[in-house]
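Shown next, in structure tokens, is the structure this report addresses.
The values are calculated or read from the model by the stated rules, or taken from the named source; none is laboratory data. As the structure is a computational prediction, the values presented were derived from the model and not from experiment. Virtual Cβ from ideal backbone geometry, glycine too; neighbours counted across all protein chains shown. Quick note on the areas: whole protein, heavy atoms, side chains included, nothing else; ligands and nucleic acids left out. Shrake-Rupley method; radii C 1.70, N 1.55, O 1.52, S 1.80 Å.
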Amino acid sequence: MEKKKVAIPLVCHGHSRPVVDLFYSPVTPDGYFLISASKDTNPMLRNGETGDWIGTFQGHKGAVWSCCLDRNALRAASASADFSAKVWDALTGDELHSFEHKHIVRACAFSEDTHLLLTGGMEKTLRVYDMNRPDAAPRELDKSPGSVRTVAWLHSDQTILSSCTDMGGVRLWDVRTGKIVQTLETKASVTSAEVSQDGRFITTADGSSVKFWDANHFGLVKSYDMPCNVESASLEPKSGSKFVAGGEDLWVHVFDFFTGEEITCNKGHHGPVHCVRFAPGGESYASGSEDGTIRIWQLSSPNADDSEAANGKATAGVNEVTTKIEGFHIPKEGQTEG
């Protein structure tokens, strides 16, 4: 069977252990950015368009399970197995705050207004830290029924979403009361939950299936069985007509949102795919793997003309991040262990 031209991704090296989380910033005046979490303890910041390395946030003493940027890409946050969540200056790489927990922190998320940081983990407690008063004690929501795996904000920071490592379902919390108001039922544990850019959908991956939920009325919109166990899924943010999923078969699959049919299957990773996320413009998506690499894939298989245009665009993107690179602490060659 004759195949289409194989997609060649941008391959981003740098992590020495598995990449377990990826997060794209919205588009900022300086372009958009990609932060990655890895078991090597060092979150990394990159130009989201070209994949070029900008800097490494150094300070964690254990695996980093989750990472995020605020909407202006001025601050980064990371959640770690060293029982801490840290907030970083994304311009200089400096550590701004370290929030100590009593167990492994698995997830973190900045609120849409950037004033709050949400964390969750093995303690089964969701905490909300006020970035304007970082020394104040965090607000704690009611106990989560299980160990927290993912967290996100929605409804203009009025609702919090969380999933658990040891049970199915996505829980929705009223921020005002701190209580669960709704549970989206899934058979297996939800390992990835994403709120769409327009706030309309929640995309979840629960191993055997990818589901799309109405983010306002909480009904199930679509559910598709996957060809393998998938750990992560992401909906294309502009048209919403495609989604990507990655998991244990090492491949990154692109599907039609309306029919569930597979459109493309990207091969290249040498280990299971732990995370996939679309860039904010929807023209590309990134995957992070057990093999320690991040791969950035163009959404459509471009023809020669498109390819040239894409290359030209990528080159222009390098200049957009020069303001970010200035002043970032870059470790000397050979300083990090292999």
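When each of S223, S239, S232 is tested for being assigned to a strand (DSSP E or B) and open to solvent by 10 Å² or more (accessible area, probe 1.4 Å), the lone residue that passes is S223.
Among the residues of the range 61-74, which ones are within 20 Å of T150 (Cα to Cα), in a loop (DSSP other than H, G, I, E, B) and either open to solvent by less than 50 Å² (accessible area, probe 1.4 Å) or modelled with pLDDT under 95 (or both)? If the condition is that a residue be within 20 Å of T150 (Cα to Cα), in a loop (DSSP other than H, G, I, E, B) and either open to solvent by less than 50 Å² (accessible area, probe 1.4 Å) or modelled with pLDDT under 95 (or both), then G62, A63, D70 are the ones that fit. Only residues that are within 21 Å of F258 (Cβ to Cβ), without any contact (Cβ under 8 Å) to a residue 60 or more places away in the chain and either in a strand (DSSP E or B) or in contact with a Cys (Cβ under 7 Å, 6 or more places away or on another chain) (or both) were counted across the range 194-214, and they come to 13. Given the criterion farther than 24 Å from H253 by Cβ and outside any loop (DSSP other than H, G, I, E, B), identify the matching residue among A37, A77. Answer to the check: A77.
Checked against (1) of a type outside the set (S, T, N, Q); (2) free of Cβ contacts under 8 Å to residues at least 12 places away in the same chain; (3) outside any loop (DSSP other than H, G, I, E, B), H217 meets all criteria but (3). Taken as a whole, the structure leaves K102 outside the set of residues that are at pLDDT below 95 and either open to solvent by 40 Å² or more (accessible area, probe 1.4 Å) or among the aromatic types (F, W, Y) (or both).
In the range 245-253 there is no residue that is in contact with a Leu (Cβ under 7 Å, 6 or more places away or on another chain) and buried (at least 24 other Cβ atoms within 10 Å of the Cβ). Within the range 162-174, the residues that satisfy the criterion of being of a type in the set (D, E, K, R) and either part of a strand (DSSP E or B) or surrounded by 21 or more Cβ atoms within 10 Å (Cβ to Cβ) (or both) are R171, D174.
The residue that is most open to solvent (accessible area, probe 1.4 Å), among those in the range 11-29 that are under 19 Å from P237 (Cβ atoms) and either of a type in the set (A, V, I, L, M) or at pLDDT below 95 (or both), is V27.
Each residue in the range 148-161 was checked for being closer than 18 Å to N216 by Cβ and either open to solvent by less than 20 Å² (accessible area, probe 1.4 Å) or part of a strand (DSSP E or B) (or both), and 6 pass.
Elements of the type strands (runs of 3 or more DSSP E) sitting completely within the range 90-145 and holding at least 1 residues that are over 14 Å from I160 (Cα atoms) and of a type in the set (A, V, I, L, M, F, W, C): these cover 95-100, 105-110. Taking the criterion of being open to solvent by 10 Å² or more (accessible area, probe 1.4 Å), touching a residue at least 40 places away in the same chain (Cβ under 8 Å) and of a type in the set (V, I, T), the only residue of the range 257-292 that qualifies is T264.
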